[in-house]
Amino acid sequence: MPNSDLLARSDRYVSETDDEWARSPFERDCDRILYTRELRRLKDVTQVARAGESYLYHDRLSHSLKVAQMGRSLAQLIKKRPRNEDVEFNPVLDPNVVEAACLAHDLGHPPFGHLSEEALDEKVRKKTNPCEKDSDGNNELGAWAEQEDIEPIKLPIFGYEGNAQSFRIVTRLASHYKTDAGLNLTKATLNAILKYPRSRAEDDNKWGYYPSESDRYDWARKGISEGKTLEAEIMDYADDVTYAIHDVADFYKGGLIPLDHLLGEAKRREEAQQRLIQQKKENIAEEEDRDISDIGDDEIEVQDEELPSKPTLSEFETYLEESDEMTLKQTTVEGFFRGLSRFPGVRNNLLTPFSGTDEENDTLGRLVSNLVSRYLNSSDQESPEFVYLKHQEKDDEYCLYLDRQFREQVWMLKNLTFYYVISDSSLVGQQRGQRRIIEELFELLYEESGRDDLDSSAIPSPFRDWLEETSDVNWPSPIHRRARIVADMIAMMTEPQAVTLHKRLTGDTPGSLQDEIVR
């Protein structure tokens, strides 16, 4: 949380002349991100299913735009709540900052999703590890260190992570005519992007910046308390809620998530339980000569064996029980789907596989809208119980409070996609082929990047320029620089570009000389 003055929030790494009168610095941040090729690229980058697989599925761009809408809405709701009327929001929360961070949060997402993150991390780590030999028994970095009389143990091992890549893009790689410091975003927006405000620790698979951007990171974090800022917390929550809800809707439409079975089983069991309770009340009233209205539900016991079976619900329950990520304490899977089945229209239109009727689309759209409202806690502005601004007296700072019940429900929705889609054998087969493309493309580009004459290499512009330019980064070695820039090349491509360039470099499809692939 920021504890520096308000003016510092709008500072930029490279000072600019403020010649704007119509837009605030944070509105300008939003616009800078919106107009970048890096954001447009996300149209052809996987969300879960391959980009272009079907119009039904979100890509990274449509996902990012919805995260931005949700993040901004939550920030505005918090600011307008009567209970917060005495809060001085200017130093801690601006909806434009949240929106900008939401737009930027996936810029570092490489082609083909998280499997590419893993592949690029592995490749960069191997190239920058002076002790790990390649398949031929050689180690380029080790040989360089010996030649330069440098102890290999002193050389850092680099890696790749999407969040750190996003920070690198906005602070260095993306271009803006006013500066060479990336988009030169404000200090507040940079901190709102930092979902993981730390460097990589040993065996850490999530971190926020690379050593090459440590100067930008240190500048952004100066005067900021440890951990995420309030605006980063809102961005993170908006991201979780958006893909939790919209991915479930996408893959129910696509026939991969059996939402109809989950809702149907929950509905049938609830109706059967209500009938049994009524029957047992009537029996007690007759046997004990009591008025049925005096018999409470808590006096009635209905055994699970008395209810219809729930194979789909049970299967998903077992999957969640085996997870070490979270334990359900305030929510049950069946109770959650019983609640969803009571939403308007669900019992009439969503208990069968999706066929695309107007009624189904309208009901699903209403369900999505209601869930978004629920997880923003927007229906209760006077005294929200589940999502609200919480003051931490110890640090005199504010954080986003999320009720455990909501966190459990969002986690369940996210895991529907993990269980039914991400572990699907067809998607796994696709991903293995995609990972191979990324791994081979990295090696091919790395080899090309080591040529003495880059003009005769297959490295396209603008990446060739990055390898030739004098850098202000103090790279540990030329190998570290090449590995990072090759990862940059791949991370800045769309999926069609990665596939096409791979085919060209391997000779599978030479393509046309006039098709530059990457520009």
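The values are calculated or read from the model by the stated rules, or taken from the named source; none is laboratory data. If you're wondering where the values come from, they're calculated on a predicted model, not measured in any experiment. Cβ: placed from backbone, ideal geometry, glycine included. Neighbour counts: every protein chain shown. The area values use the complete protein model at the heavy-atom level, side chains included, leaving out ligands, DNA and RNA. Shrake-Rupley method; radii C 1.70, N 1.55, O 1.52, S 1.80 Å.
Each Lys and Arg adds +1 at its Cβ and each Asp and Glu adds -1 at its Cβ; summed about the Cα centre, the chain shows a dipole of about 1420 debye. Within straight cross-link reach of K127, meaning Cα distance under 22 Å, which lysines are found once same-chain residues fewer than 8 apart are removed? Of all the lysines, those that pass the test against K127 - Cα under 22 Å, at least 8 places apart if same chain - are K154, K206.
On a per residue basis, the chain carries 48 Å² of accessible surface, using protein heavy atoms and a 1.4 Å probe.
Taking all protein chains as present, what is the carbon and sulfur share of the accessible area of the chain, in % to the nearest whole number, probe 1.4 Å? Reported share for carbon and sulfur atoms: 44 percent.
Computed from phi, the 3J(HN,Hα) profile of the stretch 299-312 under the Karplus parametrisation 6.51, -1.76, 1.60 (θ = phi - 60°) reads 8, 9, 10, 10, 7, 4, 5, 7, 9, x, 5, 9, x, 6 Hz, with x in place of Gly and Pro. If you plug the beta carbon distance of T332 and Q76 into 1/(1 + (r/R0)^6) with R0 = 25 Å, you get a FRET efficiency near 0.15. Distances between placed amide hydrogens fall under 5 Å for G108 paired with S166, all partners being 5 or more residues away or on another chain. In the chain, the longest principal axis of the Cα atoms and the axis of helix 425-449 are about 20 degrees apart. I need the calculated FRET efficiency for the pair E322 and E443, taking r as the beta carbon distance and R₀ as 30 Å, to the nearest 0.05. Approximately 0.25, to the nearest 0.05. Put a plus charge on the Cβ of each Lys and Arg, a minus charge on the Cβ of each Asp and Glu, and nothing anywhere else: the dipole of the stretch 403-502 about its Cα centre is then about 640 debye.
For R404 and E88, the difference between the fully extended length at 0.36 nm per residue and the C-alpha to C-alpha distance is 111.0 nm.
When the Cα positions of Y210, T318, L262 are compared along the charge dipole of the chain, Y210 comes out farthest toward the positive end, with charges on each C-beta of Lys, Arg, Asp and Glu. With the cut-off at under 20 Å, measuring from each backbone N in the stretch 150-183 to a point 7 Å along the Cα-to-Cβ line of D31 picks out 170-171, 174-183. Projected label points at S379 and D297, each 7 Å from Cα along the beta carbon direction, are separated by 1.7 nanometres. What net charge is computed for the residues neighbouring D260, neighbours being all others with C-beta under 13 Å from the C-beta of D260, Lys and Arg scored +1, Asp and Glu -1? Neighbourhood net charge equals +2. Projecting the Cα atoms of V124, T470, S62 onto the charge dipole of the chain, computed from C-beta unit charges around the Cα centre, puts T470 farthest toward the positive end. Mean residue ellipticity, 222 nm, helices only, the chain: the sum of -39500 (n - 2.57) across DSSP H runs of n ≥ 4, divided by residue count and rounded to 500, is -16000 deg cm²/dmol.
Hey, for a label at R290 modelled as a point 7 Å past Cα toward Cβ, could you say which residues of the stretch 257-273 have their backbone N under 20 Å away? It comes to 273, nothing else. Multiplying the residue separation of N361 and Q279 by 0.36 nm and subtracting their alpha-carbon distance yields 25.8 nm. Taken along the Cα-to-beta-carbon direction at a fixed 7 Å, the label points for N348 and E305 span 3.9 nm. Within straight-line reach of K310, meaning a Cα separation under 30 Å, sit the following lysines at least 8 residues removed in sequence or on another chain: K253, K267, K280, K281, K329, K414. Residue-wise HN-Hα couplings along the stretch 135-150, as the Karplus relation 6.51 cos²θ - 1.76 cosθ + 1.60 with θ = phi - 60° gives them from phi, are 5, 8, x, 10, 9, 4, 5, x, 5, 5, 4, 5, 5, 8, 6, 10 Hz; Gly and Pro carry x. Projecting the Cα positions of T171, L328, Q273 onto the charge dipole of the chain (unit charges on Cβ atoms of Lys, Arg, Asp and Glu, taken about the Cα centre) puts T171 furthest along the positive direction. Once the chain from K390 to L454 is taken as fully extended at 0.36 nm per residue, the excess over their C-alpha distance is 17.5 nm.
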